[in-house]
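The values are calculated or read from the model by the stated rules, or taken from the named source; none is laboratory data. Keep in mind that what you see is a predicted model, and the values were worked out from it rather than measured. Reconstructed Cβ throughout: ideal geometry from the backbone, glycine too, with neighbour counts over all protein chains shown. Keep in mind that these areas ignore ligands, DNA and RNA; they rest on the heavy atoms of the full protein, side chains included. Shrake-Rupley method; radii C 1.70, N 1.55, O 1.52, S 1.80 Å.
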Amino acid sequence: MASNATSGHACPAPMKATSNGVFQGDDPLDFALPLAILQICLVLVVSRGLAYLLKPLRQPRVIAEIIGGILLGPSALGRNESYMKAVFPPRSLTVLDTLANIGLIFFLFLAGLELDLKSVRQSGKRVIAIAMAGINLPFAIGIGSSFVLKQSIAKGSDNAAFLVFMGVALSITAFPVLARILAELKLLTTNVGRTAMSAAAINDIAAWILLALAVALSGHERSPLVSLWVFLAGCGFVICAIIIVPPIFKWVSQRCHEGEPVEEIYICCTLAAVLAAGLVTDAIGIHAMFGAFVVGILLPNDGPFASALVEKVEDLVSGLFLPLFFVSSGLKTNVATIKGLQSWGLLAFVIFTASFGKILGTFVVSLLCKVPLNEALVLGFLMNCKGLVELIVLNIGKDRKVLNDQTFAIMVLMAVFTTFVTTPLVMAVYKPARKGGIADYKHRTIGRKNANSQLRILACFHGARNIPSMINLIEASRGIQKRDDLCVYAMHLKEFSERSSSILMVHKARRNGLPFWNKASHSHSNHVIVAFEAYRQLSQVSIRPMTAISSMNNIHEDICATAERKEAAVIILPFHKHQSLDGSLNITRNDFRWVNKRVLEHAPCSVGIFVDRGLGGTSHVSASNVSYRVTVLFFGGGDDREALAYGGRMAEHPGIRLLVIRFVVEPPKEGEILRVDVGDSSSSTKLISQDEEFLDEFKVKTANDDSINYEERIVKNAAETVAIIREVNGSSLFLVGSRPVSEVACALKSSECPELGPVGGLLASQDYPTTASVLVLQQYNNDGAPINFTPELEEHLPDQDSGSV
């Protein structure tokens, strides 16, 4: 065998791992570790920066990562030879590709976990027909277009492998990318969303099978018998995995209980099993990622073990390793190879054939399955999105020398274009009809003329921490008149992100908002549902748990839409701060405050922000043990009337005593000048008359009720107001309005939380020592302009994207 020296092509010397430092004359970029760190940091900065820029266009992050990889490669920055030699020298690419493939192995494992085989098996004939149409026609067109490419830019490519690779590349639908687009457009729980998700899952599995076939056929300069052995060995691996993997991981999953930490040995063994499966499939000759994908798809994804596994793996993989795959792909993509009218014409041809086959096949079969015209068209657009899976297929084809540089660049640009246009096309075509409407929605406030009508509450919570106090607040609100007097929708607010765990949450969402685990056979698996189910059985309250899965910048749309659809009279939101052990309120997440602010601006009914200081303790208090003192601080205005109406309802509970304190401003003495600025004088007079009428009715109704005490306190200034509020001792809950119409209330010290108003801000501040919880209410007013806290909030919130406010 000829040596490198005799052949005349000297291989570059392997890079050492670490340098001795610049002070000893070493250039860190000549060593593997510091250079890899630089490459990773550069990729992260570019991809996250592009993701931020594309966020207003509602594009999935994968678009930014693909474009970032292309920009870092020879298509843009790579045109500078000094940059390429310094940052991506040829001898560093082995390390880069190795890290990228490790990330790809674990990403495909997570992708397998994302697929819900139960849903795939339960898919109806309509979904299967749509999925098959979205595969067969594009696959056939892909084979046809491959002949055109072979006659022009792909001469000399391996016939069988090239045909199959082109067919697979054009027929793929990227399931993870599709799920994120549907979540962004709030279509996950619609008919279109559910059909698209199920069809994409079937499409994904079929595409991987076809890709395995393509890889088996792509053995270069070998006999067809070798490809047959590769394919048969791959089938044998899948069969063995189906026999071995599910029982083992079912046993592991049964030993992991909800609310308990998963033992480290289980996580470690699972990750080792993923790598071992990758080793076997790589030895067979069908790429290591196939083994990881098979293990992921066979692992049970509905228990605490899967959730813990995803939580430990996904951030490191998607945040650190996977971006390296995009830059590795970008280094292979040279847009400059697409030159001349013929090449650009072939790019347009590939884009057209890819879109035409996918959209037409899905559209026609959807119409035959009696799907409405616009929904059928939207399904076609959705099934046409590509993304990461497409890039994986193309990279395998490039590494196997099935695709040359020009064909690879054309196919990458096709994937970027088809995915980029998916969101705007769907938004342009599909406008889901809103259920219900203004005319059908009567009771939008707690206060109403018919006090015996049903009160509907939409109670929102972010996690288990909010549940005990929220249930105790619901218990205090239920009254004792009749069983159907109160209906509560308990909405669990979950953030949907680019993480794989978000897809697992989606599998649990049903059309009516209820999660899958709310079925009786699985009710023990989630403590949130258990808590509300137990309360429903013990109380006289109709309560329905719901789940909203959305990004934090637009989850307020889900809250407001649900409130209108369910005809809620009030939305109760948790405050963005929680109580610590020392009694102080600490910020949970500033995003929660942003959500509250947007709901206040756009809500179709009254809104309450609940400042929880442990109402009733850390567990549910039964009706017979309820003993609360509720205090309403009444200054005047619609919000204060709403607070008093809620307090009057709470007073119906036998375990609650209500104290109403009305603050009356002392008239100025003769010769004293007092400046009052409460807006237009006529409107102020109208509000005062409304307050007097409301208070008179309240006093008449509660005249014989010993559980209600009414006081009027005369105050001259804010200092006296604060002093009287501080005198209130032993209260469990304060009910106050967000916008009191009183100069003494408005003169209170400006709160750092303007959404709570002056009185609520005082009660929630560190300056006011109390153990009482606070509910700040904003009354719905159809005639007035919505409240806007944007200027005040921007002073206290960090810079962030404001979304679609």
Along each principal axis, Cα extent of segment 25-429, largest first, Å: 56, 55, 52
Most to least accessible of Phe694, Phe575 (protein chains only, probe 1.4 Å): Phe694, Phe575
Segment 161-189 versus segment 709-766: alpha-carbon centroid distance in Å: 55 Å
Residue-span extension gain [Phe23 to Ile265] - 0.36 nm each, minus C-alpha spacing: 82.8 nm
Neighbourhood charge, 14 Å Cβ-Cβ cut-off, centred on Val274 and excluding it, Lys, Arg +1 and Asp, Glu -1: -1
Computed accessible area, Tyr780, all protein chains, 1.4 angstrom probe, square angstrom: 50 Å²
Burial order of peptide ranges 174-186, 83-95, 630-642 (average beta-carbon count within 10 Å, highest first): 630-642, 174-186, 83-95
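Based on the Cβ-Cβ distance from Asp696 to Asn452, what FRET efficiency comes out when R0 is 22 Å, to the nearest 0.05?
0.65
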Segments 74-81, 560-567 sorted - mean Cβ within 10 Å per residue, highest first: 560-567, 74-81
Rounded Å value of the spacing that divides the Cα centres of segment 545-576 and segment 236-294: 38 Å
Taking only Cα atoms of segment 271-350, radius of gyration then Dmax in Å: 18.6, 56
Accessible area (Å², 1.4 Å probe, nearest 10) - Ile128: 70 Å²
Contour minus Cα-Cα distance for Gln254 and Ala86 (0.36 nm per residue): 55.3 nm
Computed label-point distance, nm, for sites Asn709 and Leu368 using a 7 Å Cα→Cβ extension: 7.7 nm
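Starting from 0.36 nm per residue, how many nanometres of slack lie between Ile143 and Leu360 once their C-alpha separation is accounted for?
76.5 nm
With a cut-off of at most 15 other beta carbons within 10 Å, and DSSP calling the residue loop, which trypsin sites (Lys or Arg not before Pro) in segment 339-394 qualify? Please list them.
Here the trypsin sites (Lys or Arg not before Pro) that fit, given the DSSP loop and packing criteria, are Lys339, Lys370.
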Ranked by how many other beta carbons lie within 10 Å on average, peptides 599-610, 40-51 from highest: 599-610, 40-51
